[in-house]
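Notes for the one structure printed next.
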Amino acid sequence: MVTINKKFRTNARLQNVIFVVLLLLLAFLLGFLALETRIQWDVTQNNRNSLSQASKETLQKLHGPVQVVAYATEQHAQFGDIRKIITEFVVLYQRIKPDLTLTFVDPTEQPRLAKEAGVKVNGEMVISFNQRREYLTTINEQAFTNALMRLARSEQKLILAMSGHGERKLDGMANYDLGEFGKQLVANGFNSRSLNLVVENESIDDASVLVIASPQTDLLSGEVDQLLEYIDSGGNLLWLVDQESLRGLLPLTEKLQLTLTPGIVIDPQAEELKAPLTFALGTGYGQHVITHNFDYVTVFPFARQITINENAEWYGVSLVEVAQQGWVETGELDDEIMFDQGDDVAGPISVAVALTRTVNDREQRVVVVGSGHFLANTYLGNGGNLDFGINLVNWLVGDEELITIQPRATLDSSLMLSEMALTIMVVTFLIVLPILFLLLGFIIHWRRRRIKNKL
């Protein structure tokens, strides 16, 4: 009996030693793997603790080191340890781009450096790349990535928006205007302003792209001639056309070899999604740089059909097709909108086209969209309208490498639980689990005492 007891104790001690050695070895291996490999999971609703694909693509387009200098005190009166907040935010970018560096300067201890840098706010960041700078006072992915996109742009592009005929304004705040889209253009590094061909003597040729956004009155014949000359010289154009009159721009459609069908696109699929029939939903996209990997739904209110005529001068691509089961309604919009086989045009309907040709050894680019509403302040937030609009402009100015989806906004900044969910959590963590642990502890203690008594 003594021999068996002694042998059992020896085996038990040996097992304990082996267990401790294996445990230490496992801890060492886990520590080694933690140093060599980094794996993380983002379980937030909108992946807000990791970078979007758009931000990753933007970082890959920055060929060279990026320096971020944060002018922040040790403690912020409102946000507390702001340096920690900035560090945890910037490290998301450093994981993708290791040569992105972050340094801190205390503006109270080194006011001269802050003044020389032009910093005015505690916590302001100065991002430098290729001897260019961007200043940032907001700490979020969209603002930071947009700053990087502006730095990635080789030079500031000028967008001229034609005015003087009631056009949609890129700086206008009315529902009809394009002010919100204009703000996004500025955020992406573009410079935009209006151009009145009657009042100003400035040449249109200074524009990287000219925007014609739904004029409401007829253009003078001299203005039309200037636009045609601009196209003949190889100028890039974004033309937003609504269902109303072309306002004297019929010669421009002939120059571009396009046919703009009268009438409004009717899309029954929109009604299934509780949207008006006159809201054409873009779900089918052509093979083009603008729409590459673009799988968002776009919304084109009161759209009209645009058809590319066969010609040897322009190479055209239909960018968006809508209303697969819809049609172009050529009659009046009344209470009963029905397809008339004799007059209406059956879908699918093309509502946006891209045209290219070579002029003076340079590629000329034109985009015509059959709905000015889709970029208007009222509808810009629908689906992927903003992303599609930014992609159009990036391609038109020759910066197709910067075509990407805009960084997403945070959706899940707070967690909302129902009363039932809160009750279940309280009962589980404060009652059920403690009782379960006590019961398991009692069973283990009882079994050990029973084995010990047998020995």
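The values are calculated or read from the model by the stated rules, or taken from the named source; none is laboratory data. Note that the coordinates shown come from a computational prediction; the quantities given were computed from them, not determined experimentally. Glycine gets a Cβ as well: all are built from the backbone with ideal geometry, and neighbour counts include every protein chain shown.
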- Tell me which residues, restricted to the stretch 169-184, are crowded, with 20+ Cβ neighbours inside 10 Å and of a type in the set (Asp, Glu). 177
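What's the total number of residues in the stretch 185-219 that are within 22 Å of residue 354 (Cα to Cα) and either surrounded by fewer than 19 Cβ atoms within 10 Å (Cβ to Cβ) or touching a residue at least 60 places away in the same chain (Cβ under 8 Å) (or both)?
Taking the stretch 185-219 as the starting set, the residues that turn out to be within 22 Å of residue 354 (Cα to Cα) are 185, 188, 190, 192, 204-215.
Then drop every residue that is not either surrounded by fewer than 19 Cβ atoms within 10 Å (Cβ to Cβ) or touching a residue at least 60 places away in the same chain (Cβ under 8 Å) (or both), which leaves 185, 188, 190, 205-206, 208-209, 213-214.
Within the stretch 185-219, residues that are within 22 Å of residue 354 (Cα to Cα) and either surrounded by fewer than 19 Cβ atoms within 10 Å (Cβ to Cβ) or touching a residue at least 60 places away in the same chain (Cβ under 8 Å) (or both) number 9.
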- Might you check whether a residue that is surrounded by 14 or more Cβ atoms within 10 Å (Cβ to Cβ), assigned by TED's automatic domain parsing to the domain that holds residue 145, farther than 30 Å from residue 57 by Cβ and in contact with a Ser or Thr (Cβ under 6 Å, 6 or more places away or on another chain) occurs anywhere in the stretch 75-91? no
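Just for the stretch 337-354: of the residues that are touching a Ser or Thr at 6+ places or on another chain (Cβ under 7 Å) and part of a strand (DSSP E or B), which one is farthest from residue 326 (Cα to Cα)? Give the derivation first.
The initial filter retains those residues of the stretch 337-354 that are touching a Ser or Thr at 6+ places or on another chain (Cβ under 7 Å), namely 343-345, 350-351, 353.
Cutting the leftovers down to part of a strand (DSSP E or B) gives us 345, 350-351, 353.
On the way: 345: 9, 350: 12, 351: 13, 353: 19 Å.
Filtering first and then ranking leaves 353.
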- Item | Test result for residue 359, of a type in the set (A, V, I, L, M, F, W, C) and at pLDDT 90 or above | yes
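Quickly run through the stretch 141-152 and pick out the residues that are of a type outside the set (A, V, I, L, M) and over 19 Å from residue 386 (Cα atoms). Steps first, answer last, please.
Residues of the stretch 141-152 that are of a type outside the set (A, V, I, L, M), as a first pass: 141-142, 144-146, 150.
Answer for the stretch 141-152, where residues must be of a type outside the set (A, V, I, L, M) and over 19 Å from residue 386 (Cα atoms): there is none.
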- Item | Matching residues in the stretch 312-339 - criterion: being of a type in the set (A, V, I, L, M, F, W, C) and either over 29 Å from the mean Cα position of the chain (by Cα) or not assigned by TED's automatic domain parsing to the domain that holds residue 283 (or both) | 312, 314, 327, 328, 333, 337, 338, 339
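Which residue is surrounded by the most Cβ atoms within 10 Å (Cβ to Cβ), if the candidates are limited to the stretch 92-144 and must be part of a strand (DSSP E or B) and either touching a residue at least 40 places away in the same chain (Cβ under 8 Å) or in contact with a Cys (Cβ under 9 Å, 6 or more places away or on another chain) (or both)?
Here is the first cut: in the stretch 92-144, the ones part of a strand (DSSP E or B) are 100-105, 124-129, 132-136.
Adding the requirement that they be either touching a residue at least 40 places away in the same chain (Cβ under 8 Å) or in contact with a Cys (Cβ under 9 Å, 6 or more places away or on another chain) (or both) leaves 100, 124-129.
Numbers: 100: 20, 124: 19, 125: 24, 126: 18, 127: 21, 128: 15, 129: 20.
Filtering the stretch 92-144 for residues that are part of a strand (DSSP E or B) and either touching a residue at least 40 places away in the same chain (Cβ under 8 Å) or in contact with a Cys (Cβ under 9 Å, 6 or more places away or on another chain) (or both), the one surrounded by the most Cβ atoms within 10 Å (Cβ to Cβ) comes out as 125.
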- Task: Return the only residue of 409, 346, 354, 421 being modelled with pLDDT of 90 or more and small (Gly, Ala, Ser).
- Result: 354
- Message: What's the total number of residues in the stretch 257-304 that are assigned to a loop (DSSP other than H, G, I, E, B) and β-branched (Val, Ile, Thr)?
- Response: 6
